[in-house]
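Below is one structure, written out as structure tokens; comments come after it.
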């Protein structure tokens with residue numbers, strides 16, 4: 001692993017992290033070192049409690065870095081200010097295990113809201129881009145449905161559209177398939193992979209789901225707070241562009 | 001960062017029952033505040049209708065005068081001394097005393113306020129009084145207060161039916177010659193206007209020329225304040241020279257201290273404010289609590305605290321507006337109804353409206369700001 005790579009989207013070394021104070025102090029991460037290159041799809045796996053999610057929240061700037069060095073999208077997270085962290089988070093597309101869409105909005109409105117973070121994008125352009133990405137995730141017919149009327153898989157598609165519509169420089173996903181059945185889970189990761197490849201967005205995805213490991217360029221395993229192994233995935237950006245989206249030809253055809 | 005999709009409104013209208021409850025709460029609060037402030041103002045205003053009708057800029061009363069029911073007489077010669085001043089256009093004298101009214105229908109005795117006024121000139125600017133002044137010069141006739149309380153008998157009904165009204169006032173047979181609007185108040189249930197001569201017939205113990213109130217009408221362009229100072233110097237310490245506003249204020253000071261009206265209605269207004277405050281707070285608070293995971297998600301995605309505050313406070317302002325308009329319409333209807341029943345001068349005054357708009361917005365914003373504190377517990381790190 002080349003931790004001194006200047007091009008890396010995520011570049012960290014010597015990361016230690018603990019919860020609690022004094023007697024109750026419990027160390028979660030031990031001397032973690034990782035680097036993710038532009039356009040790379042990296043899966044982070046490992047048993048529950050191994051520290052995957054904590055690492056993800058550190059990268060996302062949602063927790064304060066305690067020890068070590070961590071640069072994300074050119075922001076150094078050591079002693080970063082709240083404003084700086086907010087700026088960083090606006091460049092990241094988030095996909096959560098729980099979609100947490102706003103229940104009082106339609107699918108389209110849930111995606112459009114993201115442009116309130118980008119005042120430079122006009123309302124018309126925002127609506128157009130939101131419409132296009134919803135068509136790409138296969139919800140063109142249901143854009144104006146309130147999210148309460150959508151199925152679990154459809155909601156997760158809206159969440160993906162919401163995460164990607166702002167053209168983030170990095171996508172962080174936490175168990176995006178956990179709440180879905182096998183088929184929907186498969187469709188979701190294929191979709192994510194296709195969109196990411198096409199936009200050359202790097203993805204870091206935490207997952208338990210062995211059924212989706214094949215989309216990765218690289219798989220990192222975590223055990224008790226240590227990165228234990230890093231292996232080449234069965235998919236690779238160089239060798240198999242847009243693999244796994246062959247069933248959804250319209251995705252590759254449309255840009256947004 | 002501001003909303004380009006009307007998130008606040010979409011969130012508000014998403015749950016119709018909650019929206020209805022919140023708007024109803026604001027409405028009740030607005031109606032209460034209108035009523036309390038209106039009644040307070042009307043009760044006080046009713047006490048100074050006579051004072052406000054002075055056809056002049058300055059009023060002269062005895063130095064020990066406190067209020068209408070506690071007057072002291074002074075010699076009208078003092079008043080006539082002012083006639084010589086080049087600043088003065090005219091002076092008028094008013095006698096006043098409580099009289100005994102015998103209800104001609106049931107024979108009950110009631111106290112009624114009697115004023116002896118000029119009949120050659122207009123000393124009180126009451127609407128339509130000019131047409132009655134000539135008849136008022138006749139012996140043993142009076143003008144009746146149309147807005148007097150009903151306990152004096154159905155005089156107004158009799159006038160409408162064009163029936164002659166005759167009755168005993170201070171055990172003297174008097175006949176009615178017309179009606180004017182003056183109004184009942186704290187210490188006064190109704191009023192009667194008579195000529196100076198008839199006043200002295202009704203109150204034989206009173207001496208001609210010993211008056212209660214003098215009215216000074218200045219020539220146009222004369223400074224009221226400097227005239228007041230000059231006249232006070234000329235007339236000496238036996239009388240006080242007051243502007244009409246000071247004359248009113250003297251009456252109000254007494255009623256404010258003599259009655260708990262100010263405290264009661266101010267407290268009522270505050271209660272109204274808090275009803276709205278608590279209803280809106282409860283609804284916004286549960287709303288924020290219910291949406292906490294969504295808000296945490298939005299924070300994680302990079303939405304600022306300010307954006308989320310705006311989302312909640314936007315709802316506050318919308319609730320304020322939606323409650324204020326129907327609340328004010330209801331209050332207007334209630335004002336009209338009460339005006340008819342109580343003869344109190346209840347009107348939707350624009351200044352009170354402006355004050356209440358601000359009070360309502362403040363009420364909703366306060367509750368919104370209190371509810372928004374809950375947002376701090378939305379920790380974006382918990383979303384993962």
Next on the checklist: For the range A:43-66, give me the residue count where each residue is closer than 25 Å to residue B:299 by Cβ and outside any loop (DSSP other than H, G, I, E, B).
Outcome noted: 9
Checklist entry - Quick check, is residue B:250 in contact with a strand residue (DSSP E or B) (Cβ under 8 Å, 6 or more places away or on another chain) and either surrounded by 16 or more Cβ atoms within 10 Å (Cβ to Cβ) or assigned to a helix (DSSP H, G or I) (or both)? => result yes
Checklist outcome for this item: Filtering the range A:161-174 down to residues that are more than 11 Å from chain B (Cβ to nearest Cβ), in contact with a strand residue (DSSP E or B) (Cβ under 8 Å, 6 or more places away or on another chain) and in a helix (DSSP H, G or I) yields A:164
Item to check | From A:70, A:24, A:43, residue being in contact with a helix residue (DSSP H, G or I) (Cβ under 9 Å, 6 or more places away or on another chain), more than 14 Å from every other protein chain (Cβ to nearest Cβ) and under 26 Å from residue B:378 (Cβ atoms) | outcome: A:70
Checklist outcome for this item: Residue hits (the range A:103-160; part of a loop (DSSP other than H, G, I, E, B) and either out of contact with any helix residue (DSSP H, G or I) (no Cβ under 7 Å at 6 or more places or on another chain) or within 9 Å of chain B (Cβ to nearest Cβ) (or both)) are A:103, A:104, A:105, A:118, A:119, A:120, A:122, A:151
Checklist outcome for this item: Those residues of the range B:171-202 which are farther than 20 Å from residue B:131 by Cα and either over 32 Å from the mean Cα position of the chain (by Cα) or modelled with pLDDT of 95 or more (or both) amount to B:171, B:172, B:173, B:200, B:201, B:202
Next on the checklist: Against the definition (crowded, with 21+ Cβ neighbours inside 10 Å and under 15 Å from the mean Cα position of the chain (by Cα)), how does residue A:101 come out, yes or no?
Outcome noted: no
Checklist entry - If we scan the range B:181-192, do we find a residue that is free of Cβ contacts under 8 Å to residues at least 60 places away in the same chain, touching a helix residue (DSSP H, G or I) at 6+ places or on another chain (Cβ under 6 Å) and surrounded by fewer than 19 Cβ atoms within 10 Å (Cβ to Cβ)? => result no
Item to check | Residue among B:54, B:27 that is buried (at least 17 other Cβ atoms within 10 Å of the Cβ), away from every other protein chain (no Cβ under 14 Å), in contact with a helix residue (DSSP H, G or I) (Cβ under 6 Å, 6 or more places away or on another chain) and closer than 30 Å to residue B:197 by Cβ | outcome: B:54
Checklist outcome for this item: Checking B:88, B:59 in turn, the sole residue that is more than 30 Å from residue B:176 (Cα to Cα) and touching a helix residue (DSSP H, G or I) at 6+ places or on another chain (Cβ under 6 Å) turns out to be B:88
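The values are calculated or read from the model by the stated rules, or taken from the named source; none is laboratory data. Keep in mind it's a predicted model, so treat the numbers as computed, not measured. Positions of Cβ are generated from backbone atoms using ideal geometry, with glycine treated the same way; all protein chains shown enter the neighbour counts.
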